[in-house]
Structures are given as C-alpha cells and as structure tokens.
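Structure provided below as structure tokens; questions to follow.
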Amino acid sequence: MSRKSKEFSKLLQDKKTKQVIKNNIYQKMEQRVNQGPLGKEKEVTLVRDLPGEEKMSEVLHAFCAPYITDSTTPTEDRFMVSIAVMAWNLALIDEEAQRQAMTNSLIEKVETSVQPEAILILRELVEELIARKKQHFNHINRFIVEYEMQQTKTGFDLFVASTRSTP
C-alpha cells in the first residue's frame, strides 16, 4: 500500500512540475510577444486554450509530423519547425505578398554563405508546406505569432501563441 502511495505522490509531483515548466514557457512567450511590434501595438493578446478552438501546438505538431522522424536531430527538428511556422503564416496571405515575403524570410533565415542551390531547396520545401497547409489545414486561419520548443526524452513539446480565428 505504501509503495502505491509513493508512486501516486511522485506522479502528482511530476504533473505539478510539468505545469510549472509550461507556465514559465508561456510567460516567456508572452514577454517576447509583448515586447515585439505586435505586442507594442496591442494587436495581439495571448490567450490559452480557447474553447472551441483547436490547440495550435497540436496543429503545428501534426503539420510538421511528416518531416520530423526519429532519425532527425533536435537541431534539424528546430529548423524544420521554424520553416513550417514561416510556411504556415505565408499560406495565410495572398500569393503575390507570399512570394515576396518568402524570398525575404528565406534570405533572413539562412546564412549568406549558403549555396544558392540550398536556398532553392528551401524554397521548394516552403512551397510544399504551403500546399500542405492549404490542403490539410485550410480550415484554420490563425497566424502563429510565437512558439517555443521544449526537448523531451521522446522528441519535443510545442508551445504556440497564435491569433484568434477570423470568420
């Protein structure tokens, strides 16, 4: 009986610890958003777990899933998620603005020493992700404003701040 009680106490403690970590991550994200241009202009307010809305962390995880495998490294995972977030947001704007924003974003994301062929490959990946967003997630029209990745023993957890859905 005592062993089960200790196991239950440990389980509760683990759950509390995870919640504290999650709260700290959200607080840091909120600070970054508030200090950024959208926060300063009061264009974005962070809200957690909106009723009736899909959790964007789960949506982003599903969006990235085909590109992240057990054989990818944490660094590759982080890079892939950053490209996926960029593609997600690009998919929500009109095509002309999309092309210009994609070019600017890719140039900002990669070092100037990267070969032009690598930028072409990245552009193709972004275009593929935009098509994936439109095909499988077109019903979700929320911009991803900020995100955080937390490595775990089995992969990573995502924490996402997004805009509200627009009608």
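For the pair Glu117 and Tyr26, how long in nm is the line joining their label points, each one 7 Å along Cα→Cβ?
Between Glu117 and Tyr26, the label points sit 4.7 nm apart.
For the residues Met56, Met149, what sequence is obtained by ranking on other C-beta atoms within 10 Å, fewest first?
Met149, Met56
Give the order of Ser71, Ser162 when sorted by the count of other beta carbons within 10 angstrom, beginning with the fewest. Provide the component values of the computation, followed by the final result.
Working: Ser71 6, Ser162 25.
By the 10 Å Cβ count, ascending, the order reads Ser71, Ser162.
How big is D, in µm² s⁻¹, for the stretch 51-167 by Stokes-Einstein at 20 °C and 1.002 mPa s if Rh is the Kirkwood radius over C-alpha pairs?
This corresponds to a translational diffusion coefficient of 144 µm²/s.
Answer with one residue from Met80, Gly52, Leu158: the one whose Cα lies farthest towards the positive end of the charge dipole of the stretch 51-167, charges on Cβ with Lys, Arg +1 and Asp, Glu -1.
So the residue we want is Gly52.
A further question follows. Please order Ile68, Ile93 by the number of other Cβ within 10 Å, starting at the fewest.
Going from sparsest to densest Cβ surroundings: Ile93, Ile68.
Read the figures in this text as sums done on the coordinates, not as results from a lab. Just so it is clear, the model here is predicted, and its values are computed rather than measured. Cβ atoms come from the backbone with ideal geometry, glycine included; neighbour counts cover every protein chain shown.
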